[in-house]
Amino acid sequence: MAALAEKLLSIQAELKVPKNQYNSFGNYNYRSCEDILEGLKPLLTEYKATLTISDEIVQIGDRYYVKATATLADIEKDMCIETTAYAREDESKKGMDLAQVTGSTSSYARKYALNGLFAIDDTKDSDYTNTHGKAKDKPSKPVNNPKTDGEVKLYCSSCGTVINQNVASYSKQKFGRVLCMNCQKKEK
């Protein structure tokens, strides 16, 4: 695992993905999933690694989420590292048909899975902070992930990262929802 972790560390250090996209509705710059993938391709070749991204529709409570999993694999050794992120479809999105809503949600989940895997910081990304008057609603209860042999993981309701039980308990009491340490700092 050390060899793959070293490759991931090098990719994280070298990856540069500027926010070259512009949202005129929200008046902010952002980076898309496609921008991240384009920035990764030369580094994946250099470090002899592959990246796959998959989506799965999961039900949490009475809502459906797109669960995106980004997997980095070392082609020299049979090893991989993966992260997941969740995004919920809006019940209706003005100007979009259902397939477009699902595609948009998939892109959003994939972008944040990539952000988690490659340590891309979007804390100042307007896409992250702009809710257009709506509160973000991501899973905040334990989710049973079959790839962890039945282990129950808790996810931050804001960014979707895995957090430990103590942090979850504290944040639930203080903020009324499960938040990782980074998102707790932003809430203060």
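The values are calculated or read from the model by the stated rules, or taken from the named source; none is laboratory data. Note that this is a predicted model, so its numbers are computed, not measured. Cβ placement follows ideal geometry from the backbone for every residue including glycine, while neighbour counts extend to all protein chains displayed. Calculation scope for accessible area: heavy atoms of the full protein, side chains included, ligands and nucleic acids excluded. Shrake-Rupley method; radii C 1.70, N 1.55, O 1.52, S 1.80 Å.
Could you tell me which residue of the stretch 1-31 is nearest to Tyr108 (Cα to Cα), considering only residues that are open to solvent by less than 30 Å² (accessible area, probe 1.4 Å) and modelled with pLDDT of 90 or more? Checking each candidate, the answer is Arg31. The set of residues in the stretch 1-28 being among the acidic types (Asp, Glu) and either in contact with a strand residue (DSSP E or B) (Cβ under 6 Å, 6 or more places away or on another chain) or touching a residue at least 12 places away in the same chain (Cβ under 8 Å) (or both) consists of Glu14 alone. Cβ-Cβ distances below 7 Å connect the following pairs, each with a first residue in the stretch 29-44 that is closer than 21 Å to Leu9 by Cβ, a second residue that is in a helix (DSSP H, G or I) and among the acidic types (Asp, Glu), and a separation of six or more residues or different chains: Leu43/Glu14.
Residues checked against (1) more than 26 Å from Ile120 (Cβ to Cβ); (2) β-branched (Val, Ile, Thr); (3) in a loop (DSSP other than H, G, I, E, B):
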| position | (1), (2), (3) |
| --- | --- |
| Ile57 | no, yes, no |
| Tyr65 | no, no, no |
| Ala68 | no, no, no |
| Leu72 | no, no, no |
| Glu76 | no, no, yes |
| Glu82 | no, no, no |
| Tyr86 | no, no, no |
| Asp90 | no, no, yes |
| Gln100 | no, no, no |
